[in-house]
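Worksheet: the structure to be examined is printed underneath.
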Amino acid sequence: MTVAVILATGRIAGSHDPCPAAALPYAGGSGDAERLTLLARLRAQLATLNVPDQHIITRPELAPALREDGHDVIESKGTVSDLREIAELAARTEAPIVVLTGDLVTGEEPLARLLLDAKGPATALTGPPPDAATPVRAERRRIASAGSPYHRVTEPNAGFPGALRVAHSRAGALAEIAGNLASLLEDPDALERLSPEPEPGAAAPGRAPETIELLLVGLVRAGIPVAQCGDPQLVCLRADSAEAVDAARAAIDAVDEDKVRLAAAVKSNDGFFTTFAVSTYSRYIARWAALRGLTPNMVTSISMGIAVVAAVWFAAGTRTGMIVGGVLFYFSFVFDCVDGQLARYSRQFSTLGAWLDAVFDRAKEYVVFVGLAAGSTAAAAGSGVHGGDVWGLAVAALALQTVRHMIDFSYGASRRQHVSRPLPVLPLTSPDDGSSASGAAPIERPAAAQGAQPSGGLAVRLSRSTSQVRVLHWAKKIIVLPIGERFALIAITAALFNARVTFVALLVWGCVAAMYTLTGRVMRSIAR
């Protein structure tokens with residue numbers, strides 16, 4: 001179970017009284033619901049996401065106001081004490097840790113993605129880089145540089161509003177980083193001496209550092225991968241005034257989070273047929289299934305059942321059977337897409353589900369091969385459905401597809417086993433982030449990583465450049481004959497022609513796809 005640390009240390013802007021920003025009402029009004037404060041709302045959101053273990057850190061002068069609202073708080077005199085408290089908590093916890101600011105205003109979906117979907121060592125919520133947010137630079141969905149009043153970010157392209165998750169496996173590292181930062185800050189002039197002039201790209205030079213931004217800097221500079229979790233359609237802001245709360249609430253109300261969540265359930269890298277002939281409407285079937293309590297494994301089983309019925313119709317050896325079988329096989333694939341979309345939409349993931357989906361994907365094709373071969377021999381001689389004895393072609397198509405799956409799975413396994421080079425480690429006492437554009441000396445890379453073999457590197461660059469052209473992008477998707485195109489090829493050729501045409505088409509296109517895929521795999525392996 002995740003442990004939450006809420007830093008309710010910010011004050012209301014322009015107020016001379018000790019008023020915590022976390023105590024600002026989310027909506028004005030006289031009723032209890034309308035007077036819900038930012039902190040109470042954030043805590044309720046966390047509880048909904050099964051994070052009841054919450055530790056609230058605030059300043060002694062702000063504590064009475066928060067206690068009056070019913071919050072149990074930990075008093076901390078400053079950033080050093082915050083870091084010490086977080087270090088102690090991280091050292092003894094046996095669960096993931098999420099650190100948030102108490103004045104955070106966001107919807108349900110960003111927090112759900114941070115708490116439920118994040119799987120890496122660390123994850124940070126990001127948004128557009130407004131002036132009020134801590135600047136960061138993200139590269140390939142990973143935080144490459146994070147800023148503070150003492151740490152420069154070269155070419156920032158995102159903002160960090162103040163929500164950070166650290167996996168249990170890196171809780172010890174978080175404790176060590178927090179302790180090191182506290183020790184460094186105990187000398188009040190240490191970091192100022194390192195960066196006496198305002199640094200371009202720093203987070204509001206001249207202001208006091210915030211605990212959460214220092215933790216992010218520490219994680220990034222310790223070489224711990226920090227994944228970027230952000231969606232430009234979703235809202236995640238901090239508010240230190242009533243006006244800022246109103247603006248954030250209006251922005252949240254303007255977003256249909258369910259629509260964003262449903263769109264995110266569709267894979268962004270699917271094939272041409274899947275993208276344009278299935279996913280345009282299958283997502284709505286997934287939402288319908290979720291509302292009625294269906295699980296992804298149920299939908300996977302339904303898809304398998306439809307494929308079996310399609311094979312029975314194919315085996316009838318009639319034109320009607322071939323047409324009905326083709327239509328059923330298409331809808332078998334539709335439900336095959338729905339199960340994954342339902343899993344992502346409802347966040348129902350399991351090892352059994354992944355295994356079942358992979359096995360049934362193969363089984364659906366193979367059982368249809370049997371149905372087509374049986375129907376070809378059962379069809380009346382001389383009819384358009386009669387293709388003669390095609391069992392040899394069926395076995396050849398099955399063998400080819402098995403080899404292709406073996407290539408894909410083995411390559412994927414080798415990539416997962418590949419040890420990527422360590423991320424650069426930078427001292428916290430350096431104001432620069434090590435980027436060559438910052439003017440600092442660039443970080444040294446291992447000799448093997450500085451350049452790849454010419455042939456492999458050229459192939460990778462060519463692949464990336466052609467992917468920028470929309471027509472070539474989809475052509476590359478189609479030529480590899482992914483599962484959507486295979487199902488469409490089987491359904492269309494069976495309905496219009498016969499099993500012999502279907503198997504010959506599968507073998508010809510499959511061989512071309514296998515050679516293209518194998519060549520690409522080899523060239524990418526050389527480039528690594």
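Here, each number is a calculation from the coordinates, and none is a lab measurement. On a predicted model such as this, the values are computed, not experimentally measured, just so you know. Glycine gets a Cβ as well: all are built from the backbone with ideal geometry, and neighbour counts include every protein chain shown.
Quick notes on this structure:
- Prolate/oblate/rounded call for region 3-255, Cα gyration tensor, a/c under 1.5 rounded: rounded
- Selection from 501, 312, 220 lying farthest towards where the dipole of the chain points positive, charges on Cβ: 501
- If R0 is 41 Å, the Cβ-Cβ spacing of residue 354 and residue 69 corresponds to a FRET efficiency of close to 0.40.
- Taking label points 7 Å from Cα along the Cα-to-Cβ direction, residue 27 and residue 468 give a separation of 4.7 nm.
- Estimated from the Cβ-Cβ distance and a Förster radius of 60 angstrom, the FRET efficiency linking residue 16 and residue 291 is about 0.75.
- Charge dipole magnitude, Cβ of K and R +1, D and E -1 - region 3-255, Cα centre, debye nearest 20: 740 debye
- Going from the residue with the fewest nearby Cβ atoms within 10 Å to the one with the most, 19, 337, 511, 236 rank 511, 19, 337, 236.
- Label-to-label distance, nm, for residues given as residue 301 and residue 53 (7 Å Cα→Cβ offset): 3.5 nm
- Among 184, 150, 378 - extreme Cα towards positive end, dipole of the chain, charges at beta-carbon: 378
- Between residue 241 and residue 280, the C-beta separation translates, for a Förster distance of 45 Å, into a calculated FRET efficiency of about 0.55.
- Potential lengthening between residue 380 and residue 507 on full extension [0.36 nm per residue; Cα-Cα distance subtracted]: 43.2 nm
- Burial ordering of 318, 402, fewest other beta-carbon atoms within 10 Å first: 402, 318
- Ordering 393, 507 by the number of other Cβ atoms within 10 Å of each residue's own Cβ, fewest first, gives 507, 393.
- Database remark: amide H of residue 142 closer than 5 angstrom to the amide H of 228 (H placed geometrically; neighbours at sequence offset of 5 or more, or on other chains; Pro and chain starts carry no H).
- Modelled spin-label separation between residue 233 and residue 395, with each label point placed 7 Å from Cα along the Cα-to-Cβ direction: 5.0 nm.
- Listed residues 166, 324, 136: farthest to the positive end of the dipole of the chain (Cβ charges): 324
- Partners for residue 267 among aspartates and glutamates (Cα-Cα distance below 18 Å; same-chain residues under 8 apart left out): 109, 117, 231, 257, 258, 336, 339, 357, 361, 485
- Label point at residue 254 placed 7 Å out along Cα→Cβ; residues across region 101-124 whose backbone nitrogen lies under 17 Å: 105-107
- Two tests apply to each whole DSSP H helix in the chain, Cα reach of 27 Å or more along its axis and mean Kyte-Doolittle hydropathy of at least -0.5, and the ones passing both are 296-315, 319-346, 351-378, 391-417, 499-527.
- Placing +1 on the Cβ of every Lys and Arg and -1 on the Cβ of every Asp and Glu, with nothing else charged, gives the chain a dipole about its Cα centre of roughly 2780 debye.
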